[in-house]
Amino acid sequence: MTESPPSTSAQAERDLRIAELESRLARRRLGVRPLASVVAIAVSLSLVLMQRRELAYFFSSPVPLTLGAEGEYRFDALASNRYAQVHGIPTARGAYEQDGAGLFVLVGLRESPFVVRRPALPGEDWVRGRAPPPPDARPFAIRGRLLVEDEAPRYRDALTLLRGMGELQPHDGKVWLIVEGERPREDRGRVLVTLALVAFAVLNAVLLIKGLSRRYRGA
């Protein structure tokens, strides 16, 4: 016995039901994609904002600010996150820091608010757990990245220690750090990472716009 074909109305009803289910599934998929794009954009831009000081320093002038020498310091030239040079007589005590395989000394300059971070010199050998030796007492000139203490949280403990030794003279209540060797235009890797983050954010913005356009067209 041969089965009779479904009626036209039943076939139309079934097709309509299938179309509704497909539409709901499509809307659900499009609902997840815009959310993922928004999250990706937010994370990318947050990471870019976290690098704003590093990027500002990268694009700052490579010509150093001249801060003067002992007895003739130019406090009017102070500007945080700039390349600077200074000459001075080191304080009698300093703070030592082991950074990777290298040993560094943070030492103040007498009669100034300046603290210099530089590699340890011969004779400045420090073993963790022992009292650090006094820094090399010879006057020196140095160039590096100038930071007001509020913008150098990594060195907060060392700066607090040196403040407490009483050999620094804060300017307007602030101590200033000079990190030797950090020059503008050198950290290109950070710039490339930032460009990649911006490109990722732009890509997700495009996907977000396309996803929302499809969503509204299918509504």
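Quick notes
- Scanning the range 140-160 turns up no residue that is in a loop (DSSP other than H, G, I, E, B), in contact (Cβ under 8 Å) with a residue 60 or more places away in the chain and more than 21 Å from the chain's Cα centre (by Cα).
- Given (1) modelled with pLDDT of 90 or more; (2) part of a helix (DSSP H, G or I); (3) among the charged types (D, E, K, R), number of the condition GLU70 does not satisfy: (2)
- Residue that is surrounded by 12 or more Cβ atoms within 10 Å (Cβ to Cβ), modelled with pLDDT under 90, under 25 Å from ASP150 (Cα atoms) and β-branched (Val, Ile, Thr), where the choices are VAL48, VAL38: VAL48
- Selection of the range 54-87 for residues being open to solvent by 60 Å² or more (accessible area, probe 1.4 Å) and either touching a His at 6+ places or on another chain (Cβ under 6 Å) or of a type in the set (A, V, I, L, M) (or both) yields VAL63, PHE75.
- Considering the conditions (1) open to solvent by less than 60 Å² (accessible area, probe 1.4 Å); (2) over 30 Å from GLN51 (Cβ atoms), VAL127 is excluded by exactly one of them, (1).
- Boolean, ARG163 is in the same structural domain as ARG93 (by the TED database), touching a Pro at 6+ places or on another chain (Cβ under 8 Å) and either modelled with pLDDT under 95 or part of a strand (DSSP E or B) (or both): yes
- Conditions (1) touching a helix residue (DSSP H, G or I) at 6+ places or on another chain (Cβ under 8 Å); (2) open to solvent by less than 60 Å² (accessible area, probe 1.4 Å); (3) under 30 Å from GLU111 (Cα atoms): number failed by VAL191: (3)
The values are calculated or read from the model by the stated rules, or taken from the named source; none is laboratory data. On a predicted model such as this, the values are computed, not experimentally measured, just so you know. Here the Cβ is made from the backbone with ideal geometry for all residues, glycine too, and neighbour counts use every protein chain on show. Just so you know, the surface numbers come from the protein's heavy atoms only, side chains and all, with ligands and any DNA or RNA stripped out. Shrake-Rupley method; radii C 1.70, N 1.55, O 1.52, S 1.80 Å.
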